[in-house]
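A short worksheet on the structure shown next.
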Amino acid sequence: MVSKMEKRSKVIALVKETTQLGQERGLVDRAKATKKVSEKTQRSYDKTASTRIDLNQQDCGRLMDGVSARSWHTIKASLLHVISQRYMEARKTCDHLQKTGDWDGAGKQAVIARRAIIAFDKVQESERPEPTKKRATKRGTLPKSDDWQRRAYNAATPTQQPAVALIWATGARPEEVERGVSVERLTHNESGKEYLAVTISGAKITKTSGQEQRTIVIDLDSDAGKVLSDHMGEKDEVIIRRGAKRLNKDFTAIRERTGLKVSPYSMRHQMSANLKAEFGVDGAKKVAQAMGHATTRSQGRYGSAQQAQSGKTGVFKVQASRPVKETRSGPKHSGPEAGSSFSNRPG
């Protein structure tokens with residue numbers, strides 16, 4: 001029969017080993033970072049993990065088994081998030097049980113914490129499977145026309161038009177329009193020229209992806225800028241808001257009226273294509289900021305420069321809440337103007 005002292009020694013040794021391994025993997029810092037995600041995101045991560053992580057089993061559960069290429073990144077992020085939380089929960093419970101002298105219970109929790117590290121390593125080392133089929137996207141079905149956004153806008157009702165104009169001018173996601181987007185008139189301090197500053201609260205935000213907020217400064221000489229400005233009337237600032245589901249229904253009606261096979265995301269793809277053509281390869285960081293991405297690689301899923309329309313986007317300047325990670329290379333290009341000063345329009 002194992003004595004209490006022997007149990008204590010085994011638990012302490014296992015805890016020491018687990019602590020060292022957890023530190024090497026940065027699990028404590030990861031666990032602290034998980035507190036910053038929204039309740040909605042946490043629920044989504046927990047739902048994914050509930051069918052894949054089982055730290056009561058030696059194999060730790062299904063983990064990344066059977067994951068498709070399309071869902072690989074999402075499931076991996078979800079599991080790493082929850083595993084770090086499970087690790088910390090087991091460690092805290094183990095510490096508490098040690099203090100009460102419950103070495104059997106402490107030992108079980110130490111084993112769970114050790115399995116969390118094993119699960120973490122398995123998930124980290126998993127490789128993304130080859131895609132089984134090409135993902136359907138609006139990128140490949142953009143209309144070959146320089147005025148299709150104008151036609152879509154004209155086919156929209158007066159109630160629908162502000163949100164359509166906003167997506168035309170910025171490529172904002174429907175989910176972002178649903179949150180409300182600020183459009184403000186600005187005056188350039190040197191030239192006296194007026195611009196629109198469109199501030200978007202980003203969607204699809206994680207610890208390493210997305211832009212929590214971005215501001216796109218638009219020239220009023222552009223077609224989209226003119227239309228967006230017209231909807232402001234005499235106001236210096238407006239909030240444009242429309243539900244994402246409502247927007248999709250709006251475009252269903254627009255398709256019926258025009259025959260255009262487009263959606264809100266078609267405008268986003270077209271904006272990406274136009275920005276890529278206008279700013280060039282080295283302008284990829286500015287394109288990423290305008291699209292609400294944290295890496296230049298993300299824009300690869302959107303419209304290409306070959307699909308660009310003639311004319312300018314009207315994007316004069318872009319600012320975003322986090323720096324963009326460069327994941328592609330190319331020739332130097334100046335991109336949008338930087339460092340210009342603006343002020344709110346008086347009166």
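Normalized C-alpha radius of gyration of region 124-218, against 2.2 N^0.38 Å? Can you show the working numbers first?
Values: Rg = 18.0 Å, N = 95, 2.2 N^0.38 = 12.4 Å.
Here the Cα radius of gyration is 1.45 times the empirical estimate.
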| message | Once you keep just the Cα pairs under 8 angstrom separated by 6 or more residues, what percentage relative contact order results for region 39-135? | response | 33
| field | Distance violations [Cα-Cα > 25 Å] among K193/K226; K108/K207; K35/K286 | value | K108/K207; K35/K286
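Relative contact order, percent, of the chain when contacts are C-alpha pairs under 8 Å separated by at least 6 residues? Don't skip to the answer; put the middle values down first.
Working: 567 pairs, mean separation 55.9, N = 347.
That works out to 16 percent.
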| remark: For region 1-85, Rg(Cα) over 2.2 N^0.38 Å is 1.36
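Rg(Cα) of region 194-275 divided by 2.2 N^0.38 Å?
The reported ratio for this selection is 1.26.
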| Bin by bin, in steps of 5 Å, what percent of the Cα pairs in region 240-320 do you find, going until the bin that has the longest distance? | 3, 14, 22, 20, 17, 15, 7, 1
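Stretch K204-N154 to full length: gain in nm at 0.36 nm per residue minus the Cα-Cα span? Please report the intermediate quantities before stating the final value.
Working: separation 50, 0.36 × 50 = 18.00 nm, distance 3.00 nm.
Roughly 15.0 nm would be gained on extension.
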| remark: To the nearest 10 degrees, the tilt of helix 264-279 (Cα long axis) against the first principal axis of the alpha carbons of the chain is 80
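Average projected area of the Cα convex hull of region 221-264, in nm²?
Details: hull surface 16.4 nm².
Convex hull of Cα atoms, orientation-averaged projection: 4.1 nm².
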| Separation between Cα centres of region 176-221 and region 11-49, rounded to whole Å | 35
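Nearest 20 debye, what's the magnitude of the dipole of region 1-115 about its Cα centre given +1 on Lys and Arg Cβ and -1 on Asp and Glu Cβ? Before the final figure, lay out each step's value.
Working: 24 positive and 13 negative charges, 56 e Å.
Dipole about the Cα centre, nearest 20: 260 debye.
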| How far, in degrees from 0 to 90, does helix 161-170 lean away from the longest principal axis of the Cα atoms of the chain, to the nearest 10? | 70
| query | Percent of alpha carbon pairs in region 1-145 separated by more than 25 Å? | reply | 39
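For region 173-233, what is the Kirkwood hydrodynamic radius in Å, using each pair of distinct C-alpha atoms? Write out the running numbers ahead of the final one.
Numbers: mean 1/r = 0.0782 Å⁻¹.
For region 173-233, the Kirkwood estimate is 12.8 Å.
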| If you average over every viewing direction, what projected area does the convex hull of the Cα atoms of region 141-193 give, in nm²? | 5.6
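Of all beta bridges DSSP finds with both residues in the chain, what is the antiparallel percent, to the nearest 5? Don't jump to the answer; show the numbers that get you there.
On the way: 25 of 26 bridges.
Within the chain, antiparallel bridges account for around 95 percent of the total.
Give me the number: length gained by fully extending R179 to K235, i.e. 0.36 nm times residue separation minus the C-alpha to C-alpha distance, one decimal in nm.
Numbers: separation 56, 0.36 × 56 = 20.16 nm, distance 2.04 nm.
So the chain would gain 18.1 nm between R179 and K235.
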| field | Three-way shape call for region 159-303 based on the alpha-carbon gyration tensor, with the a/c threshold at 1.5 | value | rounded
| query | Taking one equal scatterer on every alpha-carbon of the chain, how large is log10 of I(q)/I(0) by Debye at q = 0.09, 0.14 1/Å? | reply | -0.62, -1.10
| task | Considering the options Q149, V37, P162, tell which one lies farthest towards the positive end of the dipole of the chain, charges being +1 on Lys and Arg and -1 on Asp and Glu at the Cβ, about the Cα centre. | result | V37
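Coordinate-derived values only; no laboratory data. Keep in mind the model is a prediction, meaning the values are calculated, not measured. Cβ: placed from backbone, ideal geometry, glycine included. Neighbour counts: every protein chain shown.
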